[in-house]
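Chemist: Got a structure here, written out as structure tokens. Questions coming.
Just so it is clear, none of the values below were taken in a lab; they were calculated from the coordinates. As the structure is a computational prediction, the values presented were derived from the model and not from experiment. Note: ideal-geometry Cβ built from the backbone for every residue, glycine included; neighbour counts use all protein chains shown.
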């Protein structure tokens, strides 16, 4: 956390004095780490009725919101959160909104929620062991309340877009294509999603990022639903499928709902609250879309590094996680037998060898730099060490994997060329619909290629173990 300037404190104090009954003074204001699309600050405020802990969310730097195709901005987000709270959804109470004359940009102040929001801790913390089995059912009930919000009476129909399933797929696919990188499994999944669009449902308020990691959990259960910034009107089953997407299970196998529950409990909670019987196949569609969407989202992080302004080591490391999402698509769409390639032997006739230099730098980052720095730098040092592990695995496995990939592509396409050119031929063929999605040679090639890539990128990923055991 970092304290803010006196000018910032003065402007925020003025806003709170205008909006908050009984305001006496802003005692402290510190910005929290994290958050690329919104800044979050923790506030301690003195009031005539006692001290308050609050949170401020505002646009980065106080600038006008630079929204992408999905984001709604803090002003609309405040409207959504108020409507959700009125509908019985656990969200923080909004106590103030920033005005243009405050000079702080667009944003709002809400009550501080106490609980655990880190997904990895939610699935493992002993303090939450008793409540974890109840979370999936609670999620079902909460989602049903969100989807039942009257968007007309709340005015949300005037400020939120209706986004049908086909538009979501096409929008995500276009974003990936803009990166100019051939990832055939992403194109395959996009074509599958467009060919298997779910039955049309009346559009409802859709959170669109309801998942483990965006929930505040205490020993009493879910106390807050966070991050409403890509809310829209759309297929309500998208929320259920996103919650079940493998990336948000945080390494817990066997519990598809956020790493803490099963489908039956989630669906039962939704039906108990709404009376709607959930179609599991409909949810599965959105689970596939979730892995497709995050496969592209991970590449977006790498593209941000390549083109700036954020060139942190974490961006590129997240980019390599696209293969994890791709293997989740493989497991959902084209499961089958895969044989892992053996690593090439490391040379011992060079002293020191390249792989030994990399090992030494990796161990220095992990054992010395990470141990002797502050929290953020410690995290980044570990990320950097993990990136060097990827380089080492690529040196050991990559040549054989790419040679096998080229041989499969030459057989599939009936032509010889460089590996990159062959990848692009397959990608263009998939985009133009020249391949049957059920072609066994195509699906076997995609399955093997993605599996070998995950062996390089993240060999401990649960989806890889599922693919290898299929």
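Chemist: Just for the stretch 202-228: of the residues that are out of contact with any strand residue (DSSP E or B) (no Cβ under 9 Å at 6 or more places or on another chain) and in a loop (DSSP other than H, G, I, E, B), which one is surrounded by the fewest Cβ atoms within 10 Å (Cβ to Cβ)? Lay out the reasoning, then the answer.
Modeler: If we filter the stretch 202-228 for residues that are out of contact with any strand residue (DSSP E or B) (no Cβ under 9 Å at 6 or more places or on another chain), which is where we start, we get 202, 209, 211, 213, 219-221, 227-228.
Filter again for in a loop (DSSP other than H, G, I, E, B), leaving 202, 209, 211, 213, 219-220, 227-228.
Working: 202: 8, 209: 19, 211: 22, 213: 17, 219: 13, 220: 10, 227: 20, 228: 25.
Checked the stretch 202-228; the qualifying residue surrounded by the fewest Cβ atoms within 10 Å (Cβ to Cβ) is 202.
Chemist: What about residue 284, is it assigned to a helix (DSSP H, G or I), surrounded by fewer than 20 Cβ atoms within 10 Å (Cβ to Cβ) and touching a helix residue (DSSP H, G or I) at 6+ places or on another chain (Cβ under 9 Å)?
Modeler: On the way: assigned to a helix (DSSP H, G or I): yes; surrounded by fewer than 20 Cβ atoms within 10 Å (Cβ to Cβ): yes; touching a helix residue (DSSP H, G or I) at 6+ places or on another chain (Cβ under 9 Å): yes.
The answer is yes for residue 284.
Chemist: Out of (1) more than 20 Å from the chain's Cα centre (by Cα); (2) over 24 Å from residue 196 (Cα atoms); (3) assigned to a loop (DSSP other than H, G, I, E, B), what's the single condition that is false for residue 259?
Modeler: Looking at each condition in turn, residue 259 falls short on (1).
Chemist: Can you go through 447, 431 and tell me which one is in contact (Cβ under 8 Å) with a residue 24 or more places away in the chain and surrounded by fewer than 20 Cβ atoms within 10 Å (Cβ to Cβ)?
Modeler: Answer to the selection: 431.
Chemist: Can you name every residue in the stretch 122-133 that is out of contact with any helix residue (DSSP H, G or I) (no Cβ under 8 Å at 6 or more places or on another chain) and surrounded by 14 or more Cβ atoms within 10 Å (Cβ to Cβ)?
Modeler: Across the stretch 122-133, the qualifying residues are 124, 125, 131.
Chemist: Something else about it: Tell me which helices (runs of 4 or more DSSP H) are completely within the stretch 302-383 and hold 1 or more residues being more than 30 Å from residue 196 (Cα to Cα) and touching a helix residue (DSSP H, G or I) at 6+ places or on another chain (Cβ under 8 Å), or say none if there are none. Reasoning before the result, please.
Modeler: Numbers: elements: 313-319, 322-333, 354-364.
Result: 313-319, 354-364.
Chemist: Can you tell me which residue is nearest to the chain's Cα centre (by Cα) among those in the stretch 419-456 that are assigned to a helix (DSSP H, G or I) and under 13 Å from residue 329 (Cβ atoms)? Break it down stepwise before answering.
Modeler: Kept after step one, since they are assigned to a helix (DSSP H, G or I), are these residues of the stretch 419-456: 419-431, 440-456.
Those left that are additionally under 13 Å from residue 329 (Cβ atoms): 443, 446-447, 449-451, 453-454.
Working: 443: 26, 446: 23, 447: 23, 449: 24, 450: 20, 451: 21, 453: 20, 454: 18 Å.
Per the stated criteria, the residue is 454.
Chemist: Filter the stretch 151-184 down to residues that are over 30 Å from residue 427 (Cβ atoms) and either outside any loop (DSSP other than H, G, I, E, B) or in contact with a helix residue (DSSP H, G or I) (Cβ under 8 Å, 6 or more places away or on another chain) (or both), then give me how many there are.
Modeler: At the first step, the residues of the stretch 151-184 found to be over 30 Å from residue 427 (Cβ atoms) are 151-160, 162.
Remaining after also requiring either outside any loop (DSSP other than H, G, I, E, B) or in contact with a helix residue (DSSP H, G or I) (Cβ under 8 Å, 6 or more places away or on another chain) (or both): 151, 154-160, 162.
The qualifying residues number 9.
Chemist: What about residue 259, is it surrounded by fewer than 21 Cβ atoms within 10 Å (Cβ to Cβ), touching a helix residue (DSSP H, G or I) at 6+ places or on another chain (Cβ under 7 Å) and on the phi > 0 side of the Ramachandran plot?
Modeler: Working: surrounded by fewer than 21 Cβ atoms within 10 Å (Cβ to Cβ): no; touching a helix residue (DSSP H, G or I) at 6+ places or on another chain (Cβ under 7 Å): yes; on the phi > 0 side of the Ramachandran plot: yes.
The answer is no for residue 259.
Chemist: Related question: Applying the selection to the stretch 151-162, what residues are more than 19 Å from residue 214 (Cβ to Cβ) and in contact (Cβ under 8 Å) with a residue 12 or more places away in the chain? Lay out the reasoning, then the answer.
Modeler: Step one: filter the stretch 151-162 for residues more than 19 Å from residue 214 (Cβ to Cβ), giving 151-159, 161-162.
Scanning the stretch 151-162 gives 151, 154, 155, 156, 157, 159, 161, 162.
Chemist: Say we look at the stretch 380-415 and pick out the residues that are farther than 24 Å from residue 344 by Cβ and free of Cβ contacts under 8 Å to residues at least 40 places away in the same chain; which of these is surrounded by the fewest Cβ atoms within 10 Å (Cβ to Cβ)? Lay out the reasoning, then the answer.
Modeler: Filtering the stretch 380-415 for residues farther than 24 Å from residue 344 by Cβ gives 380-384, 412-415.
Okay, now just the ones that are also free of Cβ contacts under 8 Å to residues at least 40 places away in the same chain, so 381-382, 412-415.
Working: 381: 21, 382: 16, 412: 19, 413: 16, 414: 7, 415: 11.
The residue in question is 414.
Chemist: Would it be correct to say that residue 233 is assigned to a helix (DSSP H, G or I), touching a strand residue (DSSP E or B) at 6+ places or on another chain (Cβ under 6 Å) and touching a residue at least 12 places away in the same chain (Cβ under 8 Å)?
Modeler: Numbers: assigned to a helix (DSSP H, G or I): no; touching a strand residue (DSSP E or B) at 6+ places or on another chain (Cβ under 6 Å): yes; touching a residue at least 12 places away in the same chain (Cβ under 8 Å): yes.
Spelling it out, it is not the case that residue 233 is assigned to a helix (DSSP H, G or I), touching a strand residue (DSSP E or B) at 6+ places or on another chain (Cβ under 6 Å) and touching a residue at least 12 places away in the same chain (Cβ under 8 Å).
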